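Chemist: Pasting in a structure now, in structure tokens, and then I'll have a few things to ask.
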Amino acid sequence: MNTSAVNQEAIETVRDLIKDIDTAMLTTVTPEGLVSRPMKTQEVEFDGDLWFLTKKDTNKYRELMQNPLVNVAYVGKSYVSIRGEAELIQDPAKVKEFWNKAYEMLLDVSYDDPSLVLIKIQADTAEYWETGSKTKLVKNLINKMTGKNEMDLNKTVDL
């Protein structure tokens, strides 16, 4: 399988794992260490990029200006951790495209507020743990009882 096909398969796997999850935890880097906060997932199909909306007068905006490296975690039918690099984008048309009434309440602004900015995260790597499989639950229990490393329960894909 060529690299492009492998990347497309990885993107499709991540897309399937996160598609119905409304909230993600965005982790940014601060001078004091790491900070995570919940963010509303955009209703857009994952293509290797994640999109979030924020305001310029937030800590996350300032943190991303200093260090664009991030991690985004999703919990749903699986656990998914996505590492990438954030870019802050000022694009009123794109904000309007993503806008919904929930943002009006969450951010206390309208879609045309100039303080709104998009966070575009280009995903580098995704790691995921599938849940719900009795086989995996038994394997996990055996690993815990025997003291074995549990890392074989997860998969990592480069995007």
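The values are calculated or read from the model by the stated rules, or taken from the named source; none is laboratory data. If you're wondering where the values come from, they're calculated on a predicted model, not measured in any experiment. Positions of Cβ are backbone-derived with ideal geometry, glycine not excepted, and every protein chain shown enters the neighbour counts. Protein only, heavy atoms only, side chains kept; ligands, DNA and RNA dropped before computing areas. Shrake-Rupley method; radii C 1.70, N 1.55, O 1.52, S 1.80 Å.
Chemist: Which of the helices (runs of 4 or more DSSP H) found entirely inside segment 89-159 contain at least 2 residues meeting this: within 28 Å of Asn67 (Cα to Cα) and modelled with pLDDT of 85 or more? Let's see the steps before the verdict.
Modeler: Values: elements: 92-98, 101-107, 134-146.
Qualifying helices (runs of 4 or more DSSP H): 92-98, 101-107.
Chemist: Okay, moving on. Under 6 Å between Cβ atoms, at least 6 apart or on separate chains: pull out the pairs that start in segment 12-38 with a residue that is touching a residue at least 40 places away in the same chain (Cβ under 8 Å) and end on any residue that is of a type in the set (Gly, Ala, Ser) and open to solvent by 20 Å² or more (accessible area, probe 1.4 Å).
Modeler: Every condition considered, the pairs that remain are Ile21/Gly76; Met25/Ser36; Met25/Ala73; Thr27/Ser36.
Chemist: Name the one entry in Ala93, Ala5, Ala24, Ala102 that is of a type in the set (A, V, I, L, M) and surrounded by 12 or more Cβ atoms within 10 Å (Cβ to Cβ).
Modeler: On the way: Ala93 fails: surrounded by 12 or more Cβ atoms within 10 Å (Cβ to Cβ); Ala5 fails: surrounded by 12 or more Cβ atoms within 10 Å (Cβ to Cβ); Ala102 fails: surrounded by 12 or more Cβ atoms within 10 Å (Cβ to Cβ).
Going through Ala93, Ala5, Ala24, Ala102 in turn, the sole match is Ala24.
Chemist: Now a separate question. Could you list, ordered by first residue, the pairs with Cβ atoms under 9 Å in which the first is in segment 106-122 and closer than 19 Å to Arg83 by Cβ and the second is open to solvent by less than 20 Å² (accessible area, probe 1.4 Å) and not in a strand (DSSP E or B), at least 6 apart or interchain?
Modeler: From segment 106-122, the pairs are Ile119/Leu64; Gln122/Gly48.
Chemist: Still on this model: For segment 82-109, which positions are farther than 19 Å from Thr30 by Cβ and within 12 Å of the chain's Cα centre (by Cα)?
Modeler: In the first step, residues of segment 82-109 are kept if they are farther than 19 Å from Thr30 by Cβ; the result is 82, 89-109.
Across segment 82-109, the qualifying residue is only Ile82.
Chemist: Any idea which residue in segment 105-127 is least open to solvent (accessible area, probe 1.4 Å), counting only those that are charged (D, E, K, R) and within 16 Å of Trp51 (Cα to Cα)?
Modeler: Pass one, segment 105-127, residues charged (D, E, K, R): 108, 112-113, 120, 124, 127.
Remaining after also requiring within 16 Å of Trp51 (Cα to Cα): 120, 124.
Values: Lys120: 54, Asp124: 70 Å².
It comes out as Lys120.
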